[in-house]
Amino acid sequence: MNELLTHTRLPDRAPPVSEVGIVHWAKKHLFGSVSNTIMTLVSLYILYLLIPPLVNWALLKANISGTDRSVCDANAAGACWTFIKVRFNQIMFGLFYGSHPDQIWRPVLAFFMLVGLLTPLFIEKFPFKGMLGGFILLVYPFIAFALIHGAWLGLPVAETREWGGFLLTFVLSSIGIVAALPLGILLALGRRSELPVIRSFSIFYIELWRGTPLITVLFMASVLLPLFFPAGVEFDKVLRALIGITMFQSAYTAEAIRGGLQAIPKGQFEAADALGLSYWKKMIFIVLPQALKISIPGIVNTFIELFKDTSLVSIIGLLDLLNMAQTASQSIEWKGYDTEAYIFAAFIFWIFCYGISRYSQNLEAKLDRGHRN
Amino acid sequence: MTDTPPPPPTPPVATAATTPEAPATGNSEYSIDIRGLNKWYGSFHVLKDINLQVSKGERIVICGPSGSGKSTMIRCINRLEEHQEGTIIVDGVELTNDVKNIDTVRREVGMVFQHFNLFPHLTVLENCTLAPIWVRKTPKKEAIATAMQYLERVRIPEQANKYPGQLSGGQQQRVAIARSLCMNPRIMLFDEPTSALDPEMISEVLDTMIDLAETGMTMLCVTHEMGFAKQVADRVIFMDYGEIVEQAPPEEFFNNPKHDRTQLFLSQILAH
């Protein structure tokens with residue numbers, strides 16, 4: 001019998017130099033072919049045409065000093081940030097706080113309290129996440145309401161109809177998003193239920209709200225809801241908007257989650273069944289964690305849409321960030337500076353939407369378990 | 001003799017299992033007692049008059065061509081598939097539409113799947129402790145201790161805190177076996193446990209199954225690993241067209257099959 005040979009493995013070598021580095025990247029991605037090179041040059045030219053005037057107007061020549069329009073009118077080549085500075089409180093916090101600057105600590109305190117409460121949830125090893133989460137969901141809203149509204153604490157009362165600006169946008173969208181998520185989960189499960197009554201109801205509900213524009217929903221919430229209450233009962237406008245938004249948003253969330261549920265392989269359900277897990281345990285421990293992870297991009301997409309769509313509450317006479325900025329720019333003192341108002345509103349919207357988007361990408365990466373179904 | 005499949009009878013009107021009386025809960029002499037089992041997918045008759053009694057501690061290998069109903073039959077035993085006619089009594093509990101009975105049976109019957117079906121979002125240890133904690137209400141510490149014990153038995157305790165996606169196919173299947181064992185089942189069902197594995201990983205899974213067989217566990221294995229059948233099976237069952245064609249102890253089954261269909265099947269799978 002021959003003696004067996006022992007195979008020695010070849011060592012790993014570094015890739016060739018031409019495959020790495022910035023020069024290689026530029027060669028491959030910017031100047032890879034003739035058409036590629038032309039597109040790169042044209043794009044650079046367009047950027048050259050756009051960016052310098054924009055920077056000039058928005059930053060270099062912009063006005064920020066003073067408290068009235070005289071400075072801006074004297075230098076028309078630059079943006080008038082003075083207007084935003086003077087009307088900042090109104091645009092961010094609405095009419096009541098715009099005219100009571102000494103009370104602005106209330107919404108600011110509520111906001112930073114929320115930030116402070118949420119921060120530990122993002123710390124991996126924090127032990128009381130469940131309790132803190134429950135506190136934020138069940139107790140914090142009342143604290144925030146007490147602070148912002150004021151009546152319970154004996155502070156000057158800010159009626160909800162005087163809430164506005166970014167404050168209103170934030171309240172409507174965050175409560176809408178948080179309330180719609182559990183409803184959406186139930187609706188998505190209902191739509192895939194084997195019980196015909198539950199399934200039919202879920203389909204009916206989802207299709208009803210998905211088939212109606214938000215603006216119509218808000219209008220109905222404003223006009224129809226009061227009909228169900230005895231005459232004379234003043235039904236809070238913001239609450240009406242919230243109910244409409246939550247109903248509407250839950251249908252969209254449900255559809256995003258249903259997409260995730262459908263992507264879970266049958267074997268996962270069978271393995272859970274075979275281990276004797278009940279329907280709800282199977283859903284809570286096995287199916288939903290996976291389905292929600294898959295649905296993150298879709299859910300976040302509906303969140304971002306809702307965040308921006310809150311501007312539609314103007315139809316029922318509420319002034320969110322965009323509408324408040326517009327209103328401020330139409331005042332006699334600042335007529336003609338609506339470009340600044342829109343750009344400022346867009347900038348605030350963008351910061352928050354981009355933030356949500358980045359966070360969702362982080363979350364996806366964090367939840368990735370190296371498994372592709 | 002030649003088996004021509006009999007013309008399929010029409011499905012019964014009632015979909016519920018027969019025998020409306022309360023399920024037998026007395027101690028049956030058999031671990032699994034299947035009588036007159038018939039099942040249809042729509043109008044397709046998948047299982048025909050199956051009778052199968054499995055004693056406690058018996059190890060059975062089920063083989064047959066694809067589409068012969070082997071998987072469907074063992075999936076009826078823990079009610080992953082519903083049957084329309086006949087009775088299935090598992091450990092003295094009859095499988096009916098009664099959810100309580102189904103839950104009782106599923107607690108006592110472990111199952112290992114062809115594609116492992118581990119929960120990818122949970123670590124190996126969490127995969128093994130989830131059902132004991134939430135179904136059996138075992139205290140967490142105890143569940144972890146049991147899980148580690150079984151992970152050691154399938155020889156992968158060092159992978160306990162990894163996620164299934166980080167393991168090889170053979171390791172995943174061994175975790176799946178450990179996960180089932182953590183529920184302390186009295187019966188284990190294996191549905192082609194090595195069919196999705198690379199050739200180099202088949203033996204590590206079979207070794208685990210052989211170890212398990214030596215503990216006296218009641219086992220039903222759908223598999224084409226004839227070496228495994230010869231080594232551990234008490235009885236080999238051959239199915240074709242939804243029927244049990246032949247059953248015999250392995251020596252007799254492999255050396256002296258009685259039906260030409262069995263002979264043909266054996267010659268085809270043993271030829272290569």
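So the values come out like this:
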item	result
Net dipole in debye of the protein assembly as shown [+1 Lys, Arg Cβ; -1 Asp, Glu Cβ; about Cα centre; nearest 20]	1680 debye
Sorted peptide list for B:56-63, A:247-254, criterion being average Cβ within 10 angstrom, highest first	A:247-254, B:56-63
Charge dipole magnitude, Cβ of K and R +1, D and E -1 - the stretch A:148-218, Cα centre, debye nearest 20	260 debye
Value at 222 nm in deg cm²/dmol, rounded to 500, when DSSP H runs of n ≥ 4 in chain B each add -39,500 (n - 2.57)	-10500 deg cm²/dmol
Relative contact order (percent, whole number), the stretch A:261-373, Cα cutoff 8 Å, 6+ residue spacing	24 percent
Shielded by partner chains, the stretch B:120-139 residues - at least 40 Å² of accessible area, 1.4 Å probe, vs chain alone	B:Pro120, B:His121, B:Leu130, B:Trp134, B:Val135
Estimated inter-spin distance, B:Arg155 and B:Lys100, nm [label 7 Å along Cα→Cβ]	4.5 nm
Gain on full stretching of the segment that runs from A:Thr216 to A:Lys281 - 0.36 nm per residue minus C-alpha separation	19.6 nm
Burial of 20 Å² or greater, the stretch B:173-200 residues [accessible area, probe 1.4 Å, versus chain by itself]	B:Arg179
Average accessible surface area per residue within the stretch A:20-60, 1.4 Å rolling probe, Å²	84 Å²
Unmatched cysteines, chain A - criterion: no other Cβ of a Cys under 4.7 angstrom	A:Cys353
Label-to-label distance, nm, for residues given as B:Ser55 and B:Lys141 (7 Å Cα→Cβ offset)	4.3 nm
Portion, in percent, of the accessible area of chain B that falls on carbon or sulfur, probe 1.4 Å	51 percent
Cα gyration tensor shape of chain B, rounded if a/c is under 1.5, else prolate or oblate by comparing a/b with b/c	oblate
Shape of chain A, Cα gyration tensor, a/c cut at 1.5	oblate
Residues whose placed amide H lies under 5 Å from that of B:Ser31, excluding near-sequence neighbours	B:Val54, B:Ser55, B:Lys56
Long-range tail of P(r) for the protein assembly as shown (Cα pairs > 44 Å, %)	45 percent
The stretch A:31-60: chymotrypsin sites (Phe, Trp or Tyr not before Pro) in DSSP loop, at most 15 other beta carbons within 10 Å	A:Phe31
Stretch gain in nm, segment A:Phe112-A:Asn362, where the contour uses 0.36 nm per residue and the Cα spacing is subtracted	87.7 nm
Relative contact order (percent, whole number), chain A, Cα cutoff 8 Å, 6+ residue spacing	16 percent
Interface burial for B against A (accessible surface, 1.4 Å probe, total of both chains, Å², rounded to 100)	2000 Å²
Cut-off under 5 Å, modelled amide H: who pairs with B:Arg235 long-range	B:Arg59, B:Val61
Highest-MSF residue in chain A out of A:Asp12, A:Asp73, A:Asp102 [GNM, Cα springs under 10 Å]	A:Asp12
Residue-span extension gain [A:Lys266 to A:Val34] - 0.36 nm each, minus C-alpha spacing	78.6 nm
Over 19 Å [Cα-Cα, the stretch B:136-211], rounded percent	35 percent
For B:Glu246, residues with placed amide H under 5 Å, excluding near neighbours	B:Phe238
Shielding by partners - mean other protein chain Cβ count within 10 Å, residues of A:153-166	0
Ellipticity estimate at 222 nm from DSSP helix runs (n ≥ 4, -39,500 (n - 2.57)) divided over chain A, nearest 500	-21000 deg cm²/dmol
From phi via Karplus (6.51, -1.76, 1.60), per-residue ³J(HN,Hα) for the stretch A:229-242 in Hz, x at Gly/Pro	10, x, 4, x, 6, 7, 9, 3, 5, 5, 5, 4, 4, 4
Links that overshoot a 23 Å alpha carbon limit, given the list B:Lys70/B:Lys137; A:Lys266/B:Lys230; B:Lys100/B:Lys141; B:Lys56/B:Lys137; A:Lys129/A:Lys281; B:Lys48/B:Lys70	B:Lys70/B:Lys137; A:Lys266/B:Lys230; B:Lys100/B:Lys141; B:Lys56/B:Lys137
Occluded residues from the stretch A:324-373, i.e. those whose accessible area drops by 50 Å² or more once the chain is not alone (1.4 Å probe)	A:Arg369, A:His371
Percent of beta bridges antiparallel (DSSP, the protein assembly as shown, rounded to nearest 5)	50 percent
For the stretch A:20-60: rounded, prolate or oblate by the Cα gyration tensor [a/c cutoff 1.5]	oblate
Carbon and sulfur %, accessible surface of the stretch A:20-60 computed with the full protein complex present, 1.4 Å	80 percent
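The values are calculated or read from the model by the stated rules, or taken from the named source; none is laboratory data. What you are looking at is a predicted structure, and each value in this text was computed from that prediction instead of being measured. As a convention, Cβ positions derive from the backbone with ideal geometry for all residues, glycine included, and neighbour counts pool all protein chains shown. Side chains are part of the model used for accessible areas, which takes the heavy atoms of the whole protein and leaves out ligands, DNA and RNA. Shrake-Rupley method; radii C 1.70, N 1.55, O 1.52, S 1.80 Å.
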